[in-house]
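We did not get these values from a lab; they are worked out from the coordinates using the rules stated. Remember, it's a predicted structure, so these values are computed and weren't measured experimentally. Note that we place each Cβ from the backbone using ideal geometry, even for glycine, and neighbour counts take in every protein chain shown.
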Amino acid sequence: MKKIGITCYPTIGGSGVIATELGKLLAKQGYEVHFITSSMPFRLNCTHPNIFYHEVEVNHYPVFQYPPYDLALSAKMAEVIDREKLDILHVHYAMPHAICAILAREIAKHDVKIVTTLHGTDITVLGIDPTFEQMIKHGIEKSDAVTAVSHSLATNTAETLHIQNEISVIYNFINESEYYVKNDPSIRDKFGIGQDEKVVIHISNFRKVKRITDIIHTFKKITEATNAKLLLVGDGPESSRAHELVEKMEISNHVIFLGKQKKISDLLAISDLKLLLSEQESFGLVLLEAMACGVPCIGTNVGGIPEVITHNETGYLVHLGNIEEAANCALHILTNHDVHTDFSKNAILQAQTKFHSTEIVQQYMELYERVLKKQTV
């Protein structure tokens, strides 16, 4: 039985979701999976004899202004590597997790291979900071294998950090038992949404890069041509600004701020359209979640979004900041039944083929086998 250690950020976020769901599926495939994280991953909501959790405890020392999480993580990794005889340590994010894994390997007595998955922020934000550039590059180059969640991210990483190593592209996936087409009219009733109202949804962490104001301006134009509601799901630094803009544009009766939600699939079930108008996305997991639920998507033509949305088949790609274009595309979908139906069917099909969890997990397992074979050469 192969033993895989997984380290990720355990809180709400795409990378943590992917890492946790991957671990659960690997356990079903017969792998022994050890999560090494600062708290229980929020999607680790199952009991399985092949899944183990090791908490990273960060002690407070008077000499440190901030608790040394990275060192505590490295120490816990080394401990688990030796005690459980891990074959592979699969870390999500080069910074800090790949760096911690490399240090842990140096500390541990048992040999372990390191697989690093890049999700974007460690490259698009930290990678352009000269303070961390060489450290991130070191983490990538000292890993035994590196994956990225899109071709866009792989190319961006290689060019930004001058990486010579191969970066394999393995797309994100979703839990098909949670994200699928549902028909539950009672959900609309709970939020006071009329049967004649179209539902537009946006889900994010409300950071500036998500361009929430573009979402609201686009929706304002939508309301001028059709009866609609906007569901804003999530919270973050731009939340206050979003509230103020909705009030200023006098569309408060059409916008529902839901904050952070766990049962996203229920909200997608009543949605007619998903908007993601970010200025940067390495993949856009929320788009795939929407597509699996039969929701057409509109996204900006940036980063990995074009690898998820097939233009004029599962939705539309629009130019960054072009509100008029986004609104026109949205209305074309919302006011044309046949277009919406075709896009919905295409979205479901693409989610079930190109991005199906069985296919993606198989790619990870094949990568693990290649990495382990290098050990015996």
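Order by neighbour count: Lys373, Lys182, fewest other Cβ atoms within 10 Å first, most last. Show your work: numbers first, answer last.
On the way: Lys373 9, Lys182 13.
Exposure proxy ranking, most exposed first: Lys373, Lys182.
Comparing mean-square fluctuations of Arg211, Arg188, Arg83 from a GNM of the chain with C-alpha springs under 10 Å, the top value falls on Arg83.
With an 8 Å Cα cut-off and a minimum separation of 6 or more residues, compute the relative contact order for the chain in percent. Working shown, then result.
Numbers: 691 pairs, mean separation 47.7, N = 377.
After rounding, I find 13 percent.
Anyone know which of Val56, Val115, Val146 comes out most mobile in the 10 Å Cα GNM of the chain? Answer for the Gaussian network model of the chain: Val56.
For the chain, treating each Cα as an identical point scatterer without solvent, what Debye log10 I(q)/I(0) comes out at q = 0.06, 0.07, 0.10, 0.14 1/Å? After summing over all Cα pairs, the log10 values are -0.24, -0.33, -0.66, -1.18.
Among all helices in the chain defined by DSSP H, which have a length of 18 Å or more along the axis from Cα atoms plus a Kyte-Doolittle mean of at least -1.0? Please list the in-between numbers first.
On the way: long enough: 14-28 (21 Å, 0.65); 69-84 (22 Å, -0.06); 337-353 (24 Å, -0.65); 357-376 (29 Å, -0.78).
Helix filter hits for the chain: 14-28, 69-84, 337-353, 357-376.
Given the -39500 (n - 2.57) contribution per DSSP H run of 4+ residues, what per-residue ellipticity at 222 nm results for the chain, rounded to the nearest 500 deg cm²/dmol?
Values: 14 runs with 158 residues, N = 377.
Taking each H run of at least 4 residues, the total per residue is -13000 deg cm²/dmol.
Most mobile of Phe132, Phe35, Phe173 per a Gaussian network model of the chain (Cα springs, under 10 Å)? Of Phe132, Phe35, Phe173, the Gaussian network model singles out Phe132 as fluctuating most.
Put simply, the amide H of Arg211, placed in the peptide plane, has neighbours under 5 Å in Glu279, leaving out anything fewer than 5 places away on its chain. Between the amide H of Ala228 and those of Lys198, distances stay under 5 Å, these residues lying 5 or more places away or on another chain, with hydrogens modeled in the peptide plane.
Using square roots of five times the C-alpha gyration tensor eigenvalues, list the equivalent-ellipsoid semi-axes of the range 329-375 in whole Å, biggest first.
Working: eigenvalues 316, 16, 4 Å².
Equivalent ellipsoid semi-axes, largest first: 40, 9, 5 Å.
By the Kirkwood approach, averaging reciprocal distances over each pair of separate Cα atoms, the range 185-353 gets a hydrodynamic radius of 15.6 Å. Database remark: amide H of Ile114 closer than 5 angstrom to the amide H of Leu89, Asp144, Ala145 (H placed geometrically; neighbours at sequence offset of 5 or more, or on other chains; Pro and chain starts carry no H). Remark: relative contact order (the range 185-353) = 22 percent; criterion is Cα-Cα distance under 8 angstrom and separation of 6 or more residues.
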